[in-house]
1. Any residue in the range B:150-157 that is over 15 Å from the mean Cα position of the chain (by Cα), buried (at least 21 other Cβ atoms within 10 Å of the Cβ) and either within 21 Å of B:VAL29 (Cα to Cα) or within 14 Å of chain A (Cβ to nearest Cβ) (or both)?
2. Find all pairs meeting these conditions: Cβ atoms under 9 angstrom apart; at least six residues apart or on different chains; first residue within the range A:164-185 and within 17 Å of A:ARG116 (Cβ to Cβ); second residue surrounded by fewer than 18 Cβ atoms within 10 Å (Cβ to Cβ) and of a type in the set (A, V, I, L, M, F, W, C).
3. Check A:GLN140, A:GLN134, A:GLN89 and return the single one that is under 19 Å from B:THR111 (Cα atoms) and facing another protein chain (nearest Cβ under 8 Å).
4. Using beta carbons and a limit of 9 Å, which pairs, at least six apart or on different chains, have the first residue in the range B:244-264 and away from every other protein chain (no Cβ under 13 Å) and in contact (Cβ under 8 Å) with a residue 60 or more places away in the chain and the second one surrounded by 14 or more Cβ atoms within 10 Å (Cβ to Cβ) and of a type in the set (Val, Ile, Thr)?
5. Checking B:GLN155 against (1) at pLDDT below 95; (2) touching a Leu at 6+ places or on another chain (Cβ under 8 Å): exactly one of these is not met. Which one?
6. Right, A:ASP152: within 22 Å of A:ARG26 (Cα to Cα) and either surrounded by fewer than 18 Cβ atoms within 10 Å (Cβ to Cβ) or touching a Pro at 6+ places or on another chain (Cβ under 7 Å) (or both) or not?
7. Would the range B:170-185 turn up any residue that is over 22 Å from B:VAL159 (Cα atoms) and either among the aromatic types (Phe, Trp, Tyr) or free of Cβ contacts under 8 Å to residues at least 24 places away in the same chain (or both)?
8. Considering only the range A:42-62, state which residues are crowded, with 16+ Cβ neighbours inside 10 Å and either touching a Ser or Thr at 6+ places or on another chain (Cβ under 7 Å) or over 19 Å from B:LEU108 (Cβ atoms) (or both).
Amino acid sequence: MIAIRELVKDYGPFRALHGVDLEVARGEAFGFIGPNGAGKSTAIRCLLDLLRPTSGSVEVLGTRDLAKHPAVRARIGYLPGELVMAGKQTARDHLTYLRELRGGAGSGRMEALAERFGLDLDRPFRGLSKGNKQKVGVVQAFMHEPELLILDEPTSGLDPLLQQEFLSLAREAREAGATLFISSHILSELEAVARRVAIIRAGRIVDVEDVAILRERAGQHLSLTFDAPLSAAAIDAFSAMPELEGLVISENALTAVLHGSPDRVLKEAARSTVTAWSAHDRNLEELFMERYREPDAADHDGRRR
Amino acid sequence: MSRRYPILAGVLRRRRRGLAIWAVALASVCGMYTSLFPYMSGMDIEAMTASLPQGMMEALGYDDISTAAGYVGSATYGLVALALLLVFAIGGGAATIAGPEERGELELELTSPLPRSAIYGQRLAALWIQITVLVAVVFAVTFTLNLLQELGIPQGDMVAATVQLWLLIGFFGSVSLALGAALGRRAGALGGAAALAVLSWMFNALGPLIGLDWLAMISPIGWYMDTNPMTRGFHGADALLLVVASGLTLAGGWWRFARRDLMT
């Protein structure tokens, strides 16, 4: 569906992509994750033939040369990272125009999708909030039921409720057989849809991994408070658990980063009286700080790509 | 039309209000200038302009300003209509590709199933259609006043002046569009085309004054009007020069647009 090989992209003297390789199979939901400025949008714009590779190749839906076969883009739904449309026209004007550019596909779904996301189609684009503009982007990307969806930061600007709505829309598309390529800088929003994730940093793919493994690697911040200082036996038991990293026990409080199942930790904690607890997912930035700090960090895995 | 040429139809639909305003403004200004002639000829224009040096009079096209054709040629076709249409064409050319690309509005059009050639071609056609409409407005107003006020300007000369005006304005619109398509920057398109227009006016008006007649011969505005567009008749060679210059500029703009990175 998508095959990127040794893709290099320079902007003048600045190298934005240093030989990216990626493969996305038909029907797959693939996440593309990395901090802002890592090269996600550059790679996506090469896929759509907005940018021309400095070297390397890009294959989308079986064609290597979109410039010669632009009609292939009728089968792609693209949501730009930052959607800009002329301000005077309404969302309906814009969507109707895009439908005409695509040869009329998507007439039936436009209204239904707008209603699902609570989007008023008859207000001028200029007056729309960031979230409402993003809804217009989502509607145009999905309305012609494309085989391949390329979504650049799709949930940015959407409130949590609409993020859920978007994620269920993405899952429906996947179940209907579409291939999804979603970029994000937030791991948790990819978890809900994608199975595999590529991590890009400073223009290089540093890892391609199952999203569940990545989640385990990222871990959770865990903190437990007890009604009394822990016994020596309990301290020994917690210290011996490999799933707890950076364990700190002071008086009657415990903090650590938990990787994997919390089961053993909870059972051990339950021997004492727990007065307070919290556990929250670590964000991607922390994972990057720890694991992908060096551009060549993935070497340690022996799976540099 | 929106089926076969969706971009052309879309651009024209969005531009229709602005175009209508331009048409009304242009018609009023041209109508006002042209209809002033009978009053002007009542005054002693020769005396009013006698203090100007002969060279300057020629440069401004005022040497035969006491005749209707001389006046309409220098005041309407040589000055107000020319200036307003140049502003429209250069601004409109830059706003055809470079403006919306720079603002980011073109992203979904550029990633639609249509090839870059359709985007360039249909947007170019939209610009030329708008220019054609406005030049036709200038012609219609002048033609009507010529009849109503019995100015007696030969209709053949008027058609010739209009065709050559149309080609000139189309040329500057094409320069602005092509520069914008090549650079992706609105300021570059505006600046380049405006500088060319100013230079070309100066070459035509001032070249002969300082004894460098060849400057007027390489000036597109010189190809249009020489000293007075309304009295010179149709010049096939100059018209051809404008057509060829437009074609070359547009080909250059397309060459770059087809190859460069978009939306950067």
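The values are calculated or read from the model by the stated rules, or taken from the named source; none is laboratory data. Treat the numbers as computed from the prediction; the structure is a model and nothing was measured. Heads up, the Cβs are rebuilt from the backbone with ideal geometry, glycines too, and the neighbour counts pull from every protein chain shown.
1. First pass over the range B:150-157, keeping only residues over 15 Å from the mean Cα position of the chain (by Cα): B:150-157.
Keeping just the survivors that are buried (at least 21 other Cβ atoms within 10 Å of the Cβ) gives B:153.
Those left that are additionally either within 21 Å of B:VAL29 (Cα to Cα) or within 14 Å of chain A (Cβ to nearest Cβ) (or both): B:153.
So far as the range B:150-157 goes, yes, one or more of its residues are over 15 Å from the mean Cα position of the chain (by Cα), buried (at least 21 other Cβ atoms within 10 Å of the Cβ) and either within 21 Å of B:VAL29 (Cα to Cα) or within 14 Å of chain A (Cβ to nearest Cβ) (or both).
2. Filtered contacts from the range A:164-185: A:GLN164/A:ALA192; A:LEU167/A:ALA192; A:SER168/A:ALA192; A:ALA170/A:ALA192; A:ARG171/A:ALA192.
3. Values: A:GLN134 fails: facing another protein chain (nearest Cβ under 8 Å); A:GLN89 fails: under 19 Å from B:THR111 (Cα atoms).
From the options A:GLN140, A:GLN134, A:GLN89, the qualifying one is A:GLN140.
4. From residues that are away from every other protein chain (no Cβ under 13 Å) and in contact (Cβ under 8 Å) with a residue 60 or more places away in the chain, the pairs are B:ALA245/B:VAL175; B:SER246/B:VAL175; B:THR249/B:VAL175; B:LEU250/B:VAL175; B:GLY253/B:ILE97; B:GLY253/B:VAL175.
5. (2)
6. Working: within 22 Å of A:ARG26 (Cα to Cα): yes; either surrounded by fewer than 18 Cβ atoms within 10 Å (Cβ to Cβ) or touching a Pro at 6+ places or on another chain (Cβ under 7 Å) (or both): yes.
Taking the combined requirement at face value, the residue satisfies it.
7. no
8. To start, the set of residues in the range A:42-62 that are crowded, with 16+ Cβ neighbours inside 10 Å comprises A:42-51, A:53, A:56, A:58-61.
Selection gives A:ILE44, A:LEU48, A:LEU50, A:LEU51, A:PRO53, A:GLY56, A:VAL58, A:GLU59.
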